[in-house]
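Everything below concerns the one structure shown next.
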Amino acid sequence: MTSESDWSQAAQQIQDTLGASFTQAMSAFGVGGAPAAGFPALDPAVLKPLLQAQPSLRFEPTKLMALQQSYLEEAAKLWNQNLQTTQAAKPVADRRFADPAWQANPVSKFMSDAYLLNARTLMGLAEAVEGDAKTKARLSFAVEQWMAASAPSNFLALNAEAQKKAIESKGASIAKGLANMLHDLKQGHVSMTDESVFEVGKNVATTEGAVVFENEFFQLLEYKPLTDKVYERPFLFVPPCINKFYILDLQPDNSLIRYAVAQGHRTFVLSWRNPDKSMAGKTWDDYIEHAAIKAIDVVRELTGAKTINALGFCVGGTILSTALAVLAARGEKPVGSLTLLTSLLDFTDTGILDIFIDETSVKYREAEMGKGGLLKGKDLASTFSFLRPNDLVWNYVVGNYLKGETPPPFDLLYWNSDSTNLPGPFYAWYLRNTYYENNLIKSGKTVVCGEKIDLRKLDMPAYLYGSREDHIVPIGGAYASTQVLAGKKRFVMGASGHIAGVINPPTKNKRSYWTNDSLASAHSGGDKFPADHGEWLQGSTEHPGSWWTDWSSWLQTHAGQQVAAPKTYGSRKYKVIESAPGRYVKAKV
């Protein structure tokens, strides 16, 4: 039997953990430093820095008056409706309150309806504030966090659906919820999926290959050809270092890596090391020189190719492009074509992440870890989860703990929970020079690896992809690279978000993508690409299915002749170290 004191201690511990997670989410970009009280009563000190840009809030009079009138009318209507208990319940759009149990109990129904009304009104008040766009965005984000945390569905005493399940299961759901809570406390994060089902190299990241090079920053993986002939120009993937590469190799039927191999490309992948204390002093320059540039050099030397094709995904695209700019400054052009997937070069449009960035937050990070230290992977993971708090935080709190459910196995969410650390100096440089000062697009402004870099010297053909609903790399930010790169470019927009838009294999026949073939041959720094993505979209054409086939057709034109596929991995100099996916990707934070 579980005592009441055990329940109380466990409940307080999970509240403290969630509160700490929220603090970590804010502080991952340098926002907030005060410890948070337990959820759902968020410590105001956590969100206070988001609101400091405007000490006294003023509201647009017409919007405020309209909100007040609307609120009074809806509140009166809500009260009258709940007095009429015989009235048929209307379907609820918000899935938190969609279960019939919420409608069957008049008190629960009124409580959920009142909450939704208050939430709409508070968000409306945030929109009605007089101020600049960043202040309003910060205020809206803070209100969204408070409202998400204070929803009646988050409390067992108020959640009609969880109460019904507890009664029907004779308390078994509560016991299971406590067990789930204790498990998550032990592992250090809220479970989004049944992580026990997955093992890297066993049922995720299973494309056959070998590690042919490693240093303290990365392992280089070479994959076994699936065709008798391969293109003479090898192909290198540079994934983001804030996640693990196997998002590109989850399952055989949705693996972009396996797809590239199957299309006849001799494929290599840079697998980042998960930094530990020994890497706490590593810098942006280190990652450029000893990882991106080194990987390019090894692939060329191993294969004997003068030039290779390369792809950068998310931050990997920023790293790869910076490396190519360093090489261009040295008079070297080792990459024949460049693919950037949901990557930022111009950081003017960074979407919701912009609310975390100002001089104070950047200086805080520089003081904290600019000379050494680690940004913990769980801190950055918390940041991205709280960008969608109802979907990626409270949904699992309610399901796991209040209802006693075990989340179903989902490989993408397993990958999402498999976080990585970042070296502090690397991260501090990245924050200031990209998100805050946007220095990469300023020709000669930034010195990397001893070279003044100019991204406009990158004149190789480029395939640029952005996802329409991406909240991490907004579509406008991805499109902005058309105004930076100097070579022949093709821009493609896919449906869905940052991950789902990219991982969209043709065999699924899902979603769609857009091209603008009138600009397919545009040259020279974006002169023929309109500056605004919206203008590009007006002349675009929608195509059903996956953008992968469009990219494959494009890449083939830059891959050279076909030659006999190699029979073995590596070369005399670069011998096999171990089988793919290697041990670096398996290291936990």
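The values are calculated or read from the model by the stated rules, or taken from the named source; none is laboratory data. None of these values were measured; they are calculated from a predicted model. Neighbour counts are summed over all protein chains in view; Cβ atoms, including those assigned to glycine, are modelled from backbone coordinates with ideal geometry. In case anyone asks, the SASA skips ligands and DNA or RNA and just uses the protein heavy atoms, side chains included. Shrake-Rupley method; radii C 1.70, N 1.55, O 1.52, S 1.80 Å.
Structure data summary
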read-out: Interchain or long-range residues, amide H under 5 Å from Val335's placed H; value: Ile308
read-out: Rough spin-label spacing in nm, given labels placed 7 Å along Cα→Cβ, for Lys586 and Thr549; value: 3.8 nm
read-out: Calculated FRET efficiency for the pair Glu168/Glu199, C-beta based, R₀ 41 Å, to 0.05; value: 0.75
read-out: Per-residue SASA entry for Arg95, accessible area with 1.4 Å probe, Å² rounded to 10; value: 150 Å²
read-out: Rounded to 10°, Cα long-axis angle of helix 61-83 versus longest principal axis of the chain; value: 60 degrees
read-out: Cα point-scatterer Debye curve for region 364-484, base-10 log of I(q)/I(0) at q = 0.18, 0.21 Å⁻¹; value: -1.19, -1.30
read-out: Dipole of the chain, positive end: most advanced residue of Gly351, His558, Val492 [Cβ charges, Cα centre]; value: His558
read-out: Phi to ³J(HN,Hα) by Karplus 6.51 cos²θ - 1.76 cosθ + 1.60 over region 414-428, Hz, x for Gly, Pro; value: 4, 4, 4, 7, 8, 7, 10, 7, 9, x, x, x, 4, 5, 4
read-out: Contact order relative to length of region 388-529, as percent, for alpha carbon pairs under 8 angstrom and 6 or more apart; value: 16 percent
read-out: Contour excess over end-to-end distance, with Cα ends at Ser70 and Thr406 and 0.36 nm allotted per residue; value: 116.9 nm
read-out: Region 249-316: translational diffusion in µm²/s, Stokes-Einstein, Kirkwood Rh over Cα pairs, 10 °C, 1.306 mPa s; value: 113 µm²/s
read-out: Solvent-accessible area, 1.4 Å probe, carbon plus sulfur percent, for region 432-511; value: 48 percent
read-out: Contour minus Cα-Cα distance for Asn215 and Phe59 (0.36 nm per residue); value: 50.5 nm
read-out: Accessible area of region 296-405 divided out per residue, in Å², using a probe of 1.4 angstrom; value: 31 Å²
read-out: Per-pair calculated FRET efficiency, R0 = 35 Å: Lys510 and Glu535 via Cβ, rounded to 0.05; value: 0.80
read-out: Cβ-derived FRET efficiency at R0 25 Å, Glu232 paired with Lys567, nearest 0.05; value: 0.95
read-out: Relative contact order of the chain, defined on C-alpha pairs under 8 angstrom at six or more residues apart (%); value: 18 percent
read-out: Electrostatic dipole magnitude of region 269-327 [Cβ: Lys, Arg +1; Asp, Glu -1; Cα centre; debye, to 20]; value: 100 debye
read-out: Region 222-241-region 463-522 distance, computed between alpha-carbon centres (Å); value: 22 Å
read-out: Region 345-372-region 102-176 distance, computed between alpha-carbon centres (Å); value: 31 Å
read-out: Difference of contour (0.36 nm per residue) and Cα-Cα distance, Ala98 to Glu578; value: 167.7 nm
read-out: Residues with amide H under 5 Å from that of Glu405, placed H, sequence gap 5 or more; value: Asn400
read-out: Selected from Leu422, Ala580, Leu117, residue furthest toward positive end of dipole (the chain; charges at beta carbon); value: Ala580
read-out: Dipole magnitude of the chain, debye to nearest 20 (Cβ charges: Lys/Arg +1, Asp/Glu -1, about Cα centre); value: 1060 debye
read-out: Whole-percent carbon and sulfur share, accessible surface of region 196-235, 1.4 Å; value: 41 percent
read-out: Value at 222 nm in deg cm²/dmol, rounded to 500, when DSSP H runs of n ≥ 4 in the chain each add -39,500 (n - 2.57); value: -11000 deg cm²/dmol
read-out: Rg/Rg_ref, region 176-325, where Rg_ref = 2.2 N^0.38 Å and atoms are Cα; value: 1.18
read-out: DSSP-defined beta bridges in the chain - what % are antiparallel, rounded to 5; value: 50 percent
read-out: Phi to ³J(HN,Hα) by Karplus 6.51 cos²θ - 1.76 cosθ + 1.60 over region 196-211, Hz, x for Gly, Pro; value: 5, 6, 10, 8, 4, x, 9, 10, 9, 6, 10, 4, 6, x, 8, 7
read-out: Distance between region 246-271 and region 399-423 - C-alpha centres, whole angstrom; value: 24 Å
read-out: Scaled radius of gyration (Cα, divided by 2.2 N^0.38 Å) that the chain gives; value: 1.03
